[in-house]
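Right, one structure below, let's go through it.
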Amino acid sequence: MFATSPLRIVAVSAGLSQPSSTRLLADRLAAAARERLAADQDRNVDVHVIELRDLAVDIANHLVSGFPPAGLREAIDAVTEADGLIAVTPVFTASYSGLFKSFFDLIDHTALTGKPVVIAATGGTARHSLVLEHALRPLFAYLRAVTVPTSVYAASEDWGSSGDEYTEGLPSRIRRAGGELASAVLGRTVSGASRTPGLDDGGGRARPLRAAARGPAAGLTLGPEAGPVLGPEAGPASGPAAGLTRGPAGWGLPSGLRVGRRDRPA
């Protein structure tokens, strides 16, 4: 039996305090990804967490000298060689922390190309949750990484909360993001979690297509009132091929036809 190398999941935590909710979120996301990977394949899964607070001085020295100390070099190599990456930052002044940005400034902009990434953040209030979309996601898009659809923001009130009828609780979002990362690491495109279709999904039922009337040459479709509608596919054509008739004032619609939009709600 051939030995295979383990899958490597690296979590980067930019939390400054100890204990840190940022580190806690990184650990939970890493555990969710490892659990899903262990269930879906046979290779071992190694999880490595990088605490940027321990590398703060080395990061500053590297920015001004260009020479990374050994510990920082190992951290950068771990990130660039990982099969999947989890990046978690506290929110400072409505964006990622300076320590978080400084670390990723040291990584070559092509080193994360195609790498699956979960982005996450912590903050004192839910009002900063859009930092994930206006700051973190563009950062990793520039680095050419592939961020999974679900990002996770944890406000103070999210810890211990199970959510409500409109929102998922933090544990559910963590499991979904970890599952999506595991799927991306394994080269799959399926979502990391399944859920019952709701109202936002159209109730799980597809709306029937409107039937075509008299073939494509007429450019007509059947509207909700069962009357034919001149669709946008008719284009600028004129004459009988376009389903038009000629009267005293020129070409026009035959009797009983009306002009409308094909995508008019039924």
- How big is the shadow of the Cα convex hull of the stretch 69-139, averaged over all directions, in nm²? 5.0 nm²
- Size of the stretch 1-148 along its principal axes in angstrom, Cα-based, largest extent first? 52, 38, 30
- Kirkwood-Stokes translational diffusion coefficient of the stretch 22-95, alpha-carbon pairs, 20 °C, 1.002 mPa s, µm²/s: 151 µm²/s
- Relative contact order of the stretch 39-139: what whole-number percent is it, with Cα pairs under 8 angstrom and at least 6 residues apart? 27 percent
- Query: In nm, to one decimal, how far is the GLU168 label point from the VAL146 one, both placed 7 Å along Cα→Cβ?
  - Reply: 2.0 nm
- Item | Candidates per trypsin sites (Lys or Arg not before Pro) in the stretch 17-55, loop by DSSP, up to 15 other Cβ within 10 Å | ARG43
- Message: Debye calculation, C-alpha points only, no solvent: report log10 I(q)/I(0) for the stretch 93-183 at q = 0.22, 0.24 Å⁻¹, in the same order as the q values.
- Response: -1.16, -1.28
- If you place +1 on the Cβ of every Lys and Arg, -1 on the Cβ of every Asp and Glu, and leave all else neutral, what size is the dipole of the stretch 19-62 about its Cα centre, to the nearest 20 Debye? 140 debye
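Readers should treat all values here as calculations from the given coordinates under stated rules, not as data from a laboratory. These numbers come from a predicted model, not from an experiment. Note: ideal-geometry Cβ built from the backbone for every residue, glycine included; neighbour counts use all protein chains shown.
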